[in-house]
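Peer 1: To start, I am sharing the structure in question, which I have written as structure tokens.
The values are calculated or read from the model by the stated rules, or taken from the named source; none is laboratory data. Keep in mind the model is a prediction, meaning the values are calculated, not measured. Backbone-built Cβ (ideal geometry, glycine too); neighbour counts: all protein chains shown. Side chains included, ligands, DNA and RNA excluded: accessible areas come from the protein's heavy atoms. Shrake-Rupley method; radii C 1.70, N 1.55, O 1.52, S 1.80 Å.
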Amino acid sequence: MKVLIVGGGGREHAIAVKCSESSRVDKLYAAPGNAGIAEVAECVDISVMDAEKLVKFAKENEIDLTIIGPDDPLVAGVADAFTEAGLRAFGPAKNAAIIEGSKAFSKDLMKKYNIPSAAYEVFDNAEAALSYLETAKMPIVLKADGLALGKGVLICNNLEESKAGVKTLMLDKQFGKAGDKIVIEEFMTGREVSVLCFCDGTNIKPMTSAQDHKRAKDGDKGLNTGGMGTFSPSPFYTEDIDKFCMEKIYKPTMAAMKSEGRDFKGILFCGLMLTEDGPKVLEYNARFGDPEAQVVLPRMRNDIIDVMEACIDGRLDEIELDFEDNAAVCVILASEGYPEHYEKGFEITGLDTFKDKEGYYVFHAGTKSEGGKVLTNGGRVLGVTAKGEDLFKARANAYEAVKWINFDNKYMRNDIGKAIDEQ
Ligand code: AMP
Ligand code: GLY
């Protein structure tokens with residue numbers, strides 16, 4: 001069959017590699033793809049947001065399945081455009097992707113259906129938000145309602161910081177319309193875990209767990225980023241916790257979306273915090289995590305096409321998800337200065353070293369090909385993933401493999417997976 005992947009980051013590269021391993025895929029396309037994806041797929045220059053062109057391409061090229069990777073097109077309804085044209089797409093419809101697109105929606109959903117999460121209030125008026133803060137307990141968390149590249153969450157330690165936060169989000173509109181409405185939420189503490197789940201509208205099946213490192217610098221210092229590295233599985237996500245989450249979070253979320261007439265088909269990413277009072281939902285995303293996909297998918301034994309088709313057809317109950325009994329670590333190689341100011345256009349060397357190495361992957365995020373060379377072309381440049389028989393081996397392998405790659409201004413965190421030392 002012919003498969004089109006919409007997207008061009010590290011997550012889509014991981015999806016593309018998995019698709020290329022499927023015996024059912026004869027031809028793989030990616031829009032727009034990137035220099036790494038181009039090794040396994042034909043890249044076509046169409047924007048992820050251009051539903052009309054994407055559908056036209058899929059029709060003309062008789063695409064059997066389109067996989068939509070990023071949040072923006074899902075929230076904008078690109079999956080709906082495919083379905084309306086009679087084409088098969090993997091990814092939630094717009095009315096279900098709202099679970100990521102609006103934090104106020106997801107918080108209200110959790111409250112209505114008793115799904116454990118932090119206490120909160122929603123405000124669409126800065127004055128009311130500021131007066132609420134006067135008597136609120138600190139620290140406190142402010143969240144822009146809409147999509148903000150993972151950066152619309154402010155953790156405020158005191159009244160002054162929180163008031164400045166309301167100004168940033170609602171008055172200065174740092175994230176544009178995403179800040180028209182904000183959620184003000186109780187601050188929670190605990191370990192964070194990402195659990196990505198396949199969903200068919202009725203059934204939900206969690207994949208193996210992962211943990212992301214969102215801050216730019218070692219020791220969880222510096223600014224929030226799209227993610228600086230991941231490991232999988234999380235040793236803190238035990239079988240008991242998994243059972244609790246299945247009964248109190250995953251199944252109730254599916255049922256809640258169904259009751260609301262918003263059947264969720266695709267990937268539901270549950271960002272969890274393991275608090276003293278049990279696991280609670282930090283956020284939902286309507287897609288694979290980036291860079292969670294880069295550690296979860298390399299460990300998956302299933303044919304990804306079989307699983308995705310079962311989700312679309314509402315027969316996920318027939319599928320048994322199967323993951324390797326090992327571990328994986330992904331270290332992001334970024335451009336010095338990310339997530340603020342950084343330079344691009346430097347030549348990357350060493351990519352070929354990965355070609356014949358079983359259990360090692362280099363996923364491209366911000367790269368481009370030019371004159372036979374691969375150049376840096378973004379803040380997050382590459383994700384280097386290595387597997388190992390346990391987390392310690394996987395981490396050692398990943399930090400060995402990052403040495404194979406060189407480019408000017410190469411920057412990475414040196415403590416990805418450090419939490420495993422404390423288990
Ligand atoms: P989100 O995009 O909602 O996952 O938030 C980004 C990050 O902010 C999370 O990964 C957490 O580290 C942190 N965060 C979000 N909500 C809370 C909360 N209620 N309490 C503590 N930390 C939070
Ligand atoms: N790694 C977090 C995310 O994809 O939102």
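Peer 1: Say whether the condition of being farther than 19 Å from Phe269 by Cα and within 16 Å of ligand 2 (Cβ to nearest atom) is met by at least one residue in region 17-37.
Peer 2: If we filter region 17-37 for residues that are farther than 19 Å from Phe269 by Cα, which is where we start, we get 17, 19-37.
Those left that are additionally within 16 Å of ligand 2 (Cβ to nearest atom): none.
No.
Peer 1: Is region 178-195 home to any residue that is more than 16 Å from ligand 2 (Cβ to nearest atom), within 23 Å of the chain's Cα centre (by Cα) and within 19 Å of Pro339 (Cβ to Cβ)?
Peer 2: The answer is yes, given that some residue of region 178-195 is more than 16 Å from ligand 2 (Cβ to nearest atom), within 23 Å of the chain's Cα centre (by Cα) and within 19 Å of Pro339 (Cβ to Cβ).
Peer 1: Identify the single condition in (1) within 16 Å of ligand 2 (Cβ to nearest atom); (2) open to solvent by 60 Å² or more (accessible area, probe 1.4 Å); (3) not aliphatic (A, V, I, L, M) that Pro70 does not satisfy, given that it satisfies every other one.
Peer 2: (2)
Peer 1: Another question, if that's okay. Looking at region 197-231, which of the residues that are more than 12 Å from ligand 1 (Cβ to nearest atom), on the phi > 0 side of the Ramachandran plot and not in a strand (DSSP E or B) is modelled with the highest pLDDT?
Peer 2: The selected residue is Gly201.
Peer 1: Out of everything in region 271-305 that is among the aliphatic types (A, V, I, L, M) and more than 17 Å from Ser234 (Cβ to Cβ), what residue ends up being nearest to ligand 1 (Cβ to nearest atom)?
Peer 2: Top of the filtered list is Ala286.
Peer 1: Also: Can you tell me which residue among Leu316, Leu268 is within 16 Å of ligand 1 (Cβ to nearest atom), of a type outside the set (Phe, Trp, Tyr) and farther than 25 Å from Glu389 by Cα?
Peer 2: Checking each option against the conditions leaves just Leu268.
Peer 1: What number of residues in region 7-40 are within 22 Å of Ile332 (Cβ to Cβ) and not in a helix (DSSP H, G or I)?
Peer 2: The number of residues fulfilling the criteria is 10.
Peer 1: Only residues in region 273-301 that are under 19 Å from Met257 (Cβ atoms) and charged (D, E, K, R) count as the first member; pair them with residues that are open to solvent by less than 10 Å² (accessible area, probe 1.4 Å) and more than 16 Å from ligand 2 (Cβ to nearest atom), Cβ under 8 angstrom, at least 6 apart or cross-chain, and list the lot.
Peer 2: Hits for this filter: Lys280/Ala118.
Peer 1: May I ask you to list the residues in region 344-377 that are assigned to a loop (DSSP other than H, G, I, E, B) and crowded, with 21+ Cβ neighbours inside 10 Å?
Peer 2: Ile348, Ala365, Gly366, listed by residue number.
Peer 1: Look through region 378-401, keep the residues that are touching a Ser or Thr at 6+ places or on another chain (Cβ under 9 Å) and part of a strand (DSSP E or B), and return whichever of them is surrounded by the fewest Cβ atoms within 10 Å (Cβ to Cβ).
Peer 2: So, considering only residues that are touching a Ser or Thr at 6+ places or on another chain (Cβ under 9 Å) and part of a strand (DSSP E or B), the one surrounded by the fewest Cβ atoms within 10 Å (Cβ to Cβ) is Arg380.
Peer 1: Oh, and also: Looking only at region 119-132, count every residue that is closer than 16 Å to Gly165 by Cβ and either within 16 Å of ligand 2 (Cβ to nearest atom) or in contact with a strand residue (DSSP E or B) (Cβ under 7 Å, 6 or more places away or on another chain) (or both) and tell me the total.
Peer 2: Counting residues in region 119-132 that are closer than 16 Å to Gly165 by Cβ and either within 16 Å of ligand 2 (Cβ to nearest atom) or in contact with a strand residue (DSSP E or B) (Cβ under 7 Å, 6 or more places away or on another chain) (or both) gives 6.
Peer 1: Taking region 196-225 only, how many residues are open to solvent by less than 10 Å² (accessible area, probe 1.4 Å) and β-branched (Val, Ile, Thr)?
Peer 2: The number of residues fulfilling the criteria is 1.
Every residue, every condition in (1) of a type in the set (Asp, Glu); (2) more than 16 Å from ligand 1 (Cβ to nearest atom); (3) in contact (Cβ under 8 Å) with a residue 60 or more places away in the chain; (4) crowded, with 19+ Cβ neighbours inside 10 Å, yes or no:
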residue	(1), (2), (3), (4)
Leu4	no, yes, yes, yes
Glu12	yes, yes, no, yes
Ile15	no, yes, yes, yes
Lys18	no, yes, yes, yes
Ala31	no, yes, no, yes
Ile37	no, yes, yes, yes
Ala41	no, yes, no, yes
Phe57	no, yes, no, no
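Peer 1: Pairs only if they're at least six apart or on different chains, beta carbon under 8 angstrom, first in region 232-252 and farther than 13 Å from Ser194 by Cβ, second open to solvent by 40 Å² or more (accessible area, probe 1.4 Å); list them, first residue then second.
Peer 2: Filtered contacts from region 232-252: Pro235/Gln423; Pro252/Tyr113; Pro252/Asn114.
Peer 1: Can I ask one more? Report every pair of residues separated by at least 6 positions or lying on different chains whose Cβ atoms are under 8 Å apart, first residue within region 154-179 and without any contact (Cβ under 8 Å) to a residue 12 or more places away in the chain and of a type outside the set (Val, Ile, Thr), second surrounded by 16 or more Cβ atoms within 10 Å (Cβ to Cβ) and in a helix (DSSP H, G or I).
Peer 2: Listed by first residue and then by second, the contacts come to Lys173/Gly179; Gln174/Thr168.
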